[in-house]
Every structure is written in structure tokens, then in C-alpha cells.
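Here is the structure we will look at, set down as C-alpha cells.
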Amino acid sequence: MFRTCRGMFFGSFFLNFMYFLSEFLSPAIVNLFLQFLQRRAAMSETETDIAPDDQSTVSFGYLLCTALFVVAALRTQFECHATYLGRRAGWRVMTLIGMVVPTTLLASTQPATQVANAVNLIAADARRMGLVIGSTPMMSLLIVRLLLALGFLVVIMGWLPILAGCAVLAVTVPCNMWLAAQVKKTQKDAVKATDQRLAVVAQVLEAIRLVKVQVWESLMQGKIDALRVHELALIVRSMVWTSTLAVLASNTPAAVTIVAFFVRAWQTSLPPMTPADVFTALYLFYMLDWPMRYIPETYGRVFVTGKIAWNRIRDFVEESMAASAKLAPEQVVTETEDFGLEDAVLARSPIFKLSVSTMFPRGRLSVILGPMGAGKTSLLMGLLGELPIESGRLHRPAGWSTALVEQTVFILNASFRDNVTFGCPYDPARFSRVMADCALTQDLATLADGDLTLIGDRGVNLSGGQRQRLALARALYADTDIILADDVLSAVDAVTASHLYHRALVPAAHKYGKTVVLVSHAVSLALSSADHVVVLDAGITTYAGPAAALAAEQVRQWDAQWHETANAEPEPTTTRNDGPVRVEEFRSTGSVQWAHYQRYLRAFGMPLAVGALAAVVTYQWLTVRADLYLKDWAAGAPVSALVLFAVLRGTGVLVQATQLVVQYLGSYRASRRLHHELVAHVLALPIWWFDANPQGRVLTRFSKDFADLDSSLVTDFVDFARQTMANVAAISAILITAPIVMVFAFPAFLGMAWTGKCYLRTSRDTRRMASTAFAPVVQATKEFHTGGACIRAFGRTDVFTAQLSRTMMQSLIPTINNTAANRWLIVYGDTASALFLFTLALGFLVLPIVQGGPPMDAAWAGFALNYALIMIDTVRLGVWAYSTVEIEMNSVERIGEYLALTTEEDPERRIEDDVPGWPTAGPLVVENLCAGYKRRGEEEGGDVEWVLKGVSMTVSAGARVAIMGRTGSGKSSLVGALMRMLPYQTGKIELDGVPASELSLQYLRSQWGFVNQENYLLKGTLRDNLDPTGTRADADLHTLLDPFRAQLPFGLDHPLDSLTDLSKGQAQLIGLLRSLVAAHAKHARMFLCDEPTSAADAHTDRQFWSVFRETTGQDATVLMIAHRVRSLVDLGCDLAIVMDSGRVVEMGHPKVLLQDVNGWLSRLVREAGGTDAQEVCGHYGATNGLME
């Protein structure tokens, strides 16, 4: 890593060395100038040898004034180029780390660290490493500046005073070392705490739908707040140690100054120090202050955190690479025509291993069957080389390409077309053919922008069936040799499943010669044209051979109730699906609004803010007053003036310590309060807002923005106040000395103000750009984490890595522009400051001559020039600090933008939170319900695109209702509308006679037990996943698990940190059982079930519904969305509702509806056929030609 930037690093080192050398020319010239004024004053008093207006003497003064300007300008050039080279080296390191972390994440088959950790590494740790590289050349030379200053002081004051001062330095070194150790320890703990908080925040954002429907907002808020309190306690402790170290270091030069001056005053045998020597020494002691202040602060804020960051990055890379299942060369046979596994034992997890030995015929369709948890998905992962092989070998011909259709589809936050092409060149003809084969042509017609529609983060604008078909289209478009399809037929209806099988999968093998391996629970359909079958049970191969030889009993046992419908075309979906559309992130312009400062000050606490500001003002006043006493002592006052100087500087230390206590107390209060408000507000945002905004964008608020708030905003606020007061003190000192000189120096002062104004305007916007430009990097990192297996399977690692490289470079452009603006400020601002210094010195020289008075008193001139020299730094640092505050206030502004968003609950609407006699079982009355996802056209002026159109129904208490219809008919939208989760709704919904609109959202949702098809796993154990609220006893959980011991063969303490340890069916089963536990905690008597067993085999499906009926009781009201017509029997439905194109087209008792042979329900039963139709017709006594 160092080799990539060593040229810039050493160039910065050399220029910094020249910068430090040039710094000492200014005090040397000031010393000569003050001696010059002293000689002129002495000659003026004696009026001998040389007249006060002698031109040769004045010319020397002019030369010194000019030299002051030239040296200051030269110093600026050295500093600018040195800093720029250091920054460039830092950017290169940041980019390198920003590439390594996601790429490592992508290379790992089982990421050992959550994506939030990777985000934190890129958002914070990479930046810290860049700061280390960029700062090292200058910081490593601070000791040179220290030694040069001490050597210069020895020349001016003698060795004894400086030796006494060095003794003070020696005493403070052990204290500094101990404090530095504390800083390192607390910062390391604080970073770990930040990782833990971000992991939970990322988990909540990922599972936001689950959180909302189960009414877990308060639970998640409490978890995050508890982690935040712990994190802030460590951050504040770290800041206290760092500040204590900084206070000790920054005041050590003051102590050295006092001791040195007292020792020099005690040396009565030596001549008294002249004003030239006193103020030159004072400025040199000021130059000691900077390295003494910033060496420990940089050690704490840069090098300690940099070392921690480097260790974290190294550990992340090592852990991720250790989790990679990259097979050894001897485990992969490439010189073969076979594809499969030979006597292989695959380790999916410590408790599950798969033993398999089978070869899949080339150019044929192979089917993998088996119950839930049998190892079907693990077998596909083993074929891809994603699982470690403990023994045996993988056979895969060299050069063969693969494509993967996952159960949990990986969706890029990009357009529909980009998700299908997946890095391949776009071919319109091939794209169109694939769309037709995957039954997506009509779906594209319903999207707002066709195949260019942005389908959002995780494919949230698509239904489950559409996502599954998109994944299949991606595999077909890639035109690979091998297609591995994992249960691709599970999330679609019977007609669509038949279409996908006969138009996509079978031709891919039999017509185009691809090797297709299909995992499916739709046994009858999958076997209808299959060539080869592998049957698994509990990780063991029970059968591997021709499909025709498979026993009929095995087929009936695992038949997932979908029957082949030959050449059936899926009906077009006429409901327009614009969905929530992703919008570009808003970026403010102009200065940060005062309202955001007020927000932060209110969170900080006005009394604390006023106290901190008063402490800064008092400290600066004490400093100026102390310097006036030092001036008096230099002019010949007794030692008592030096005593007062020491007392005032000591008092300043106490004031500074008080200021630090106040500022960190306020910082803790502000960070905790703003974070609490943001979490609460984000959890209260409507679900469609999360659909339109990528998670990476939201995570940036909780990572990068709060990193600025926690670590640097208050410090930079105080630094700005300190620099401002230092400038006020400097101007006051000059006005006290020679007010008329300020008139001539005023143009230079205006020049400094103009450069500051221009810089602020530019830096403000470039940093805002940098804040928004970083979100795509976070999003790409998240996609690398979630889609690693898919990207590796398609062989698109290089494509996505190159795309990440471009994203990283784009994210750095605003930062580079901001640095350029900063260098511009230094060049022009320091030049204006040098001109100010030149004008001031010239005024001290010329005005007495013009006015005909005595020469300027050297003590007063030294007093003023000392502050003028300091102003070269403080003016620039003041502007810089203000711009930094505005930049970091951009974090408050971005947080404020989220806090200003409209929540899904209208605070002005009258709501009920406690209805007597509730929870209720109904009845449910829906009248003329219309619902839509978004407005077309202008934000407020367009029309709503409705997905539900005039839906009406009445469901009596205790009814069992099946909501049926084809993919895209509006079933899931109806469920969302009942829970008020769609953005635009009209019509009426009543529960037990109470309008749902009069209930608070959380109270309404708490009435519903929600059982859905999500398979999201929470980080933790099986117990944590089944009962996140911790309200159920272990005995109750064991009772719930007992019927499913075959599918879930592990205990409550088994860790479930990743879906890779479980099959989709197992993960979905855990989610279903969690829903039952959550419903019990709500005491719900009404249930919404959204295709809950889509990934389950027939046996598990029956088991779950048996447990569901026992758990809910007979008096509960159940509304279930069903793809399988057999669900009518499983649930014992007494009401069937059939939907099409967002409307209810048929409703009634199934027995009655099935009497109409041409009715909608009869048609669905007839299309299902097989054992499904037999059981439904037998249960409801409706043969009536449906089985023909």
C-alpha cells in the first residue's frame, strides 16, 4: 500500500521540512526589525551620530518590512504543496482500502462480518488511514520544529532558562505517555461499540417491514438506544482523555515560558532582556505550542485511531478470506466432460454436512428433489464451489460458465434492464426473447419506464414472482453453459410455473444444449420433461438416476401440488405497477440554515453552549492581559509583572479545563438526543419511503454523519470560537498599539475577508457533494455483501470491481475539489495576511517619520507584531474552522432533512389507542377501497396510479378467508392496505364497527397477527429469532418447535447469524414460527397470512397449518393469500375471494363458487389439477367437471 504513494509521501516530507525552516525566518526578521526600532529610538533620544530620518537607515527598515512579506508568502507556497502531496497520498490509500474491503467481502462465501462493519470500515477507518498517510510527513517533522525553536531560544535567552524549561517538558512526558495509552484503549472500545450499533441499525433497516407489521418499533428503538448510550460513554471517555492530553500538552509551552522567563529574570548578572528578545522569545514559545499541542492530539486522533483502523481492516480482510471456500486445485477436476460431485462431503455448517456423489448429464435437464432441509440448496452451492469440500472432488469442465437463479433473489439498485443484463452487453433481440420466455413482457408494459424503470433496493418495486422471473431471465440472458435454478417455480402461480418450465427451462436444455439443474418442490411439473433426478434426504443421496425410474410413491409424497398445464400462456397483468420510484438524494445549497444550528444548540443545551463560549472568551482575555504584563516587564517593569503573567496564564488553564468539561457534556447530550430522534423518526417513516431510498443512503446518516457529530463537531465549534477570539485579541492589541496603522492595513484585512467568503461558498457545496457522493459506495458495499454468491456464479467479479473503482473515484472528486479550494484559501489568505503584516510593520516605521514624532516604542511594536505574526495562522485557521463547522453542520442538516420528513402517522388526526373489548376478531368491513403507490407527473398535481380499485368485502368474526388470484392481481396490495401501508388510500375499512382511520397505526397493526413469506433472520440465536421481545418462556418455545424437529434439528441457543447456514425453507419456517409467537404477544384475534409457506414442501406445509390452527383457536379471523388452491382445505376456508387486476371478481363460500364451472375459482382449481384439485373438490363436494 505504501509503494503506491511513496513518491508523493517523500515529496511532502521534503516540502514540509522546507516549510518548517522558512517558519523561523519570520521571527528572526521581526527580531532584527525590533532591534532596528530600538536603535532608532536610542538615536532619537541622544540625537547623535545619525538623524532619525537618515535615508540609509530607513531603507534598511523598508528592506526588513519587504522581507517579512516575502518570507511569509514563501512559507505559504511550501506549506500548500506539502499538504497537497500528503493529501494525494492519503486519497490513494483511502481508495485502495475502499476497494479492498468490498472486494474481500465479495470474495468471501460466508462473510464473517456484517455489512455494517464493512460500511464503517470504508466510512471511517479508510478515512483515518488516509489521514495517517497524509499527516505523517508533517507530524514526523514536528520534532524538527521543536528542536529548531529550542535552539533559537538558546541563542536569545541562554542555555540555563531553556534547560529549566526542558526539565518541565521532561516531567510531562510520563503523563503524556499514560494518557496516550488510555486514549488508545478507549478509542478501540468505542470503535467496537460503533460497529455493534451500526450492525443493529442495518439489521433493522433490512427487516423494516417485519418491524412495522409486528409493531416492534419501540423494541428496536430501545435496543439501538442502549447500544448508543454505551457507545457515547466510550466516545466521551476517549475525548476526555484526548483533551486532557491536549490541555497538558498545549499548556506545557506556557509553563516552559514562565519557568524560562523567571530563570532569565533571576540571572541578574546578565543584562536585562530587550523587547526584541522578549517578543521574539514569546513567538518562539508560541511555535513550541503548536507541536506540543498537536503531537499528542495527532497521536490520539490520528495515529492511535489509525493503528486501530489498520488492525480492524486487516482483521476484516483476514476473517473474510478465511471464510472463503476457495477449493484447492486437487479438489477440482477440470480435464473432464462431466459436471458434478464425486464422493463429496460438503460442510454447510458444523451441524449439517451433505454427502453426495452424482454427475449431471451435459445438455440435459436435471431435477433435485427432497424435503425441507435435505440439502438441495447446499448441493447447488457445492457445484459452484461455494461450500468447502471435506472429501471428494468437484468435476467442472475448464472454461464452462455458470449462471445461478437464487431462492432469495439478488436485485441491484438499478434499472430492470441492468438487472437482467448483469454486466453483459445489451442485445435488444435476445432481451426481447428472454422476456417472452420468462413471462415478463406484459410485466414490463406495466412499469412506468419499461425495462429502464429503476426497480429499487432489493427489488422492492417487484412482486415475489416478478423477482423470481427476473432472476431466471438474468440466467438465460447470460447464455452460460450451466444454469443452476433454485426453486424458481415456488413464487408464481400454476400457469406461470408451467410457462417458465416449458418455455424457459426445458428449451434451455433440450434446444440450446445447456446443462440445467433445477431444484423444485413442484414434483409433477419438474419431472414431466426431466432427464435426470437426484433425491436428497437429510444430506444423503437416496436416489440419482433417470427420471423415468423414480418410484411413483416418491413422486406423490413430495408433490407440491402444481400440475402441468400444457402450453398455457400466463394472462397479462393489466394493473400498472409503478411502485415507489427511487429518487436522487437531495442536496442543499447555500449556507447552512440557522434552523439547523438551532436544532444542534437545543440538543446541546443553551446554558452549556453559553458556558463553553464564555470560557473561550475568558481564556483569550486572560492570555492578552498576561501578554500585556509581559510587555511591561520587557519594558523595564519589576518582576511582579512577570508574576502576574504567570498567575493569569495558570488561571487560563483552569478555565480551559472547565470549558472542556462543559463542551463534552453538551456533545454527549446532543449526540444522544439527535440519534434518538433520528432513529424514532426513521422508524416512523412510511414503508414506501424505504422502498424509494436505498439502505446505503440511510446507513450513511447513521455512520458517516454521526461520526462527524460524535468526534469533531464540538471540538471544531470551540476551535472556531477560539480562533475568532484570537483574531479579535490580535486586532485589539494592534488597535491599542497604533490605531492609525489599522486604517492603512484595512485593505489587506478586506482581502482576507473576501478570500474567506469565497472559500466558504465553495467548500460548503463541495463537502455537501462529498456527503452525497459517498452513499453509492455504501450501496455498492451492501450489494457486494448480499449478492456475492450470485456475482461469483456469473463470473462478474471483475465487472463489479471495475464499477466499484469508478464509484470510488467519483466519490473522491468533491473531496479533491474541496482540497483545491482549501489550498486556494491558504495561498490568497496567507498572502493577504502577509500583506497585512507588511503594512503594519511599514506603518510602525513610516508614521513616526511622517508625523514628526519619536520612533515607535519597540516594546509596543513587539507586542503588536507578535499578534500580527500569530494572525497569519489564526485568520486562516478561523476561516478554516468556520468552514469545517459548516461542513460538519452539513451532517446535522442531513439529519434534519430526515427529521423533517412526513411520518406515516398524521399527528393532527384524532386517533384511538384503546378500544374497550379489544383485541377484536372482527367483523371486517371494506367498502370501495382504492389504493395506489405513487403519483404520476408532478409530485402533487398528477393522478394516483391505483393498484386496488373499488375493493369491497365483509368478513365475519371467526371466518377463514382465502384470497386468491394470479401473480400481480393485487393480493399483497390488499394486505398492505388493510394495515395502512400504502401511500394513497380511499374508501372505508372498519374493524368491529370502528373505522381503521381513527386508530393509531401501531394500535391498528397490533390487532393483526401477521404471517408472511419473509425469511429474514435476526442476528443472534434461534431463541432471539423466535422471540425477539423475550416474552415467552423456553418451555413454550420448545413446545412450538416439537412438531418441526426434523426440519430444525438444533436447540434454542444455536447461533443463526447468516442465511448460509440454513435452507430458504428452514429460514422461512423460523419466520413463520416467529410470527405465531409475535401474534401471541399481541393477543391478536385477526390474522393476515401472505403466502406464508411458499418455500415449504408439502409435509411441512401441512404441519404448519396444523400448528397454526391449534395456536390461533377456532374463533380467530384469518385472511390468507394463497397460490396453492389446496390452502382452501388446509385452512378450512368458508370464504374465498378471487382478485384480478386490483378488483374483487368473485367472492363467496368455496362450495358455492365451485358450482360455477366457468367461475374464477373453478378455473384456478382446474388449472392446478392433480391431487390439489382432487382434495379441494372432495372437501367441498364439487366434482362438476373440474377434474376433466
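Some observations on this one:
- Counting only DSSP H runs of at least 4 residues, each contributing -39500 (n - 2.57), and dividing by the residue count of the chain, the helix-based mean residue ellipticity at 222 nm comes to -20000 deg cm²/dmol.
- Spatial offset of the range 593-618 relative to the range 165-221 amounts to 24 Å, using the alpha carbon center of each.
- Ranked packing of 527-538, 248-259, 1152-1163, 635-646, most packed first, by mean Cβ within 10 Å: 248-259, 527-538, 1152-1163, 635-646
- Whichever lysines have a C-alpha closer than 24 Å to that of LYS184, once near sequence neighbours (fewer than 8 apart) are set aside: LYS192, LYS307, LYS704
- The overall shape of the range 806-919, judged from the alpha-carbon gyration tensor, is prolate: a/c is not under 1.5, and a/b is greater than b/c.
- Ranked LYS949, LYS1151, criterion: other C-beta atoms within 10 Å, fewest first: LYS1151, LYS949
- Set LYS949/LYS971; LYS185/LYS1019; LYS782/LYS1019 screened for pairs whose C-alpha atoms are more than 18 Å apart: LYS185/LYS1019
- The label-point distance for TYR512 and THR4, in a model that sets each label 7 Å from Cα toward Cβ, rounds to 3.8 nm.
- Overall form of the range 940-1011: oblate. Here a/c, set by the Cα gyration tensor axes a ≥ b ≥ c, is 1.5 or more, and a/b is not larger than b/c.
- Given R0 = 56 Å, the distance between the Cβ atoms of TRP824 and GLN331 translates into a calculated FRET efficiency of 0.45.
- For q = 0.05, 0.08 Å⁻¹, Debye-computed log10 I/I(0) when each Cα of the chain counts as one equal scatterer: -0.45, -0.91
- Mean-position separation - Cα centroids, the range 766-822 and the range 502-533, in angstrom: 39 Å
- For the peptides 312-319, 10-17, residues were scored by their other Cβ atoms within 10 Å and the scores averaged per peptide; the highest-first order is 10-17, 312-319.
- Fully extending the segment from ASP427 to LEU219, taken as 0.36 nm per residue of separation minus the present Cα-Cα distance, adds 70.0 nm.
- Tensor-based shape of the range 359-414 (alpha-carbon gyration tensor, a/c under 1.5 rounded, otherwise prolate or oblate): rounded
- Sorted fewest first by neighbouring Cβ atoms within 10 angstrom, THR172, THR515 come out as THR172, THR515.
- For GLY1169, nonlocal amide neighbours, meaning residues 5 or more places apart or on other chains whose placed amide H falls under 5 Å from its own, do not occur.
- Of the complete DSSP H runs in the chain, those spanning 18 angstrom or more by Cα along the long axis with a mean Kyte-Doolittle score not below 1.6 are 142-157.
- In this structure, SER1000 and LYS1151 have a Cβ-Cβ separation that, at R0 = 35 Å, corresponds to a calculated FRET efficiency of about 0.35.
- Legend: ranking of residues PHE1087, PHE152 from fewest to most surrounding C-beta atoms inside 10 Å; resulting order PHE152, PHE1087.
- Taking 0.36 nm per residue of separation and subtracting the current Cα-Cα distance, fully stretching the chain between ALA538 and THR441 would add 31.0 nm.
- Protection proxy ranking for 956-965, 266-275, 653-662, 843-852, using the average of other Cβ atoms within 10 Å per residue and placing the highest first: 956-965, 653-662, 843-852, 266-275.
- Span from the the range 223-272 Cα centroid across to the the range 623-639 one, whole angstrom: 24 Å
Coordinate-derived values only; no laboratory data. These figures come from a predicted structure and were not determined experimentally. When we count neighbours, we look across all protein chains shown, and the Cβ atoms used for this are built from the backbone with ideal geometry, even at glycine.
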